[in-house]
Amino acid sequence: MALAKKRSLGQNFLRSKKAIAKIVEAGKIVAGEIVLEAGPGEGILTAALLEAGAKVIAVEKDRRLIPTLQQKFSAEISCGQLTLVEADVLEFDVKSQLSKVNCYKIIANIPYYITGAFIRKFLEAEIQPSTMVILVQKEVAQRIVARDKKESILSISVKAYGTPRYIQTVKAGSFSPAPNVDSAVLAIENISKDWLSGVDEKRFFEIVKAGFAHKRKMISGNLKPILENQTEEKISQCDIKTKARAEELTLENWLCLSKN
């Protein structure tokens, strides 16, 4: 008998084989690569990752699903291709669990409500994934890639660590139970802290947060409390228009503003 989905865990299990194939394709998996999957659920995406040759670490919070996964993938667990971890992925200790790993990818269908925290946790981690391919709310994916050419704190925060790419829309009916909105496959590639080379990470995010504090105000007004009497000089040095608003600034502009 199928287990009832837990609303508190944001469980919407992906059923579309086409969407699963697209996710795996976007992950560009090479046989033997380590893939961290958050929330394997009933193991549909897990099976596709294993079939592609990935060595999967699946982190599942819902203990009711563990026996099903253990039974379904007993052979893969026995041979070491699949490691099943019962835990909340937001509490997953990346440093200790992946300390011996040179490179890994994240491929997952995550609950909408943890999207921001999940992306932030792994992009800021000491041991970062090289690539993330995740299913997120369509509107969130569009904001991250700035499809309307308007940047946000979210899009700049992601672009500071990697290159986001909108892969495809996944209709609500592709899930069980169906969510109220459509989803999208989002890839974040070339993940590295090299993008922030020469810039203090904490200072960078302080300036970005200040810049977006009041969306309708000009960037100069928003930055004065943090840059003080250097504001006008910095804006000029970074080739930013005097009347520009935060959403018009590129990652390069923000990096420039953050340098001493």
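We did not get these values from a lab; they are worked out from the coordinates using the rules stated. Computed from a prediction, not measured in an experiment: that's the story for all the values here. Cβ placement follows ideal geometry from the backbone for every residue including glycine, while neighbour counts extend to all protein chains displayed.
Numbers below:
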quantity	calculated
Given charges at Cβ of Lys, Arg, Asp, Glu: the chain dipole, positive-most of 109, 235, 177	177
Net charge, residue 168 excluded, C-beta distance under 12 Å - Lys, Arg +1, Asp, Glu -1	+3
Positive-end residue, the chain charge dipole about Cα centroid, Cβ charges, pick of 219, 122, 254	219
Cα convex hull of the chain - mean projected area over all directions, nm²	14.8 nm²
Orphan Cys of the chain, criterion: no other Cys C-beta under 4.7 Å	79, 103
Net charge dipole size for the range 118-202 [Lys, Arg +1 and Asp, Glu -1 on Cβ; Debye, nearest 20]	280 debye
About the Cα centre, charge dipole magnitude for the chain (Lys/Arg +1, Asp/Glu -1 at Cβ), debye	800 debye
Total formal charge among the other residues, if their Cβ is under 13 angstrom from that of residue 189, Lys/Arg +1 and Asp/Glu -1	+4
Candidates 91, 247, 124: whichever shows maximal mean-square fluctuation once the chain is modelled as a Gaussian network with Cα springs under 10 Å	91
Helix axis angle, 201-211 relative to the chain longest principal axis, alpha carbon, degrees	70 degrees
Within the chain, percent of DSSP bridges classed antiparallel, to nearest 5	45 percent
Segment residue 190-residue 70, length gained on full extension (0.36 nm per residue, minus Cα span)	39.9 nm
When each of 17/95; 18/171; 149/217; 22/121 is checked by Cα-Cα distance, pairs over 22 Å	17/95; 22/121
Nearest 10 degrees, 0 to 90: helix 17-27 Cα axis against the chain principal axis	50 degrees
Neighbour-count order for 112, 104, 161, fewest beta carbons within 10 angstrom listed first	112, 104, 161
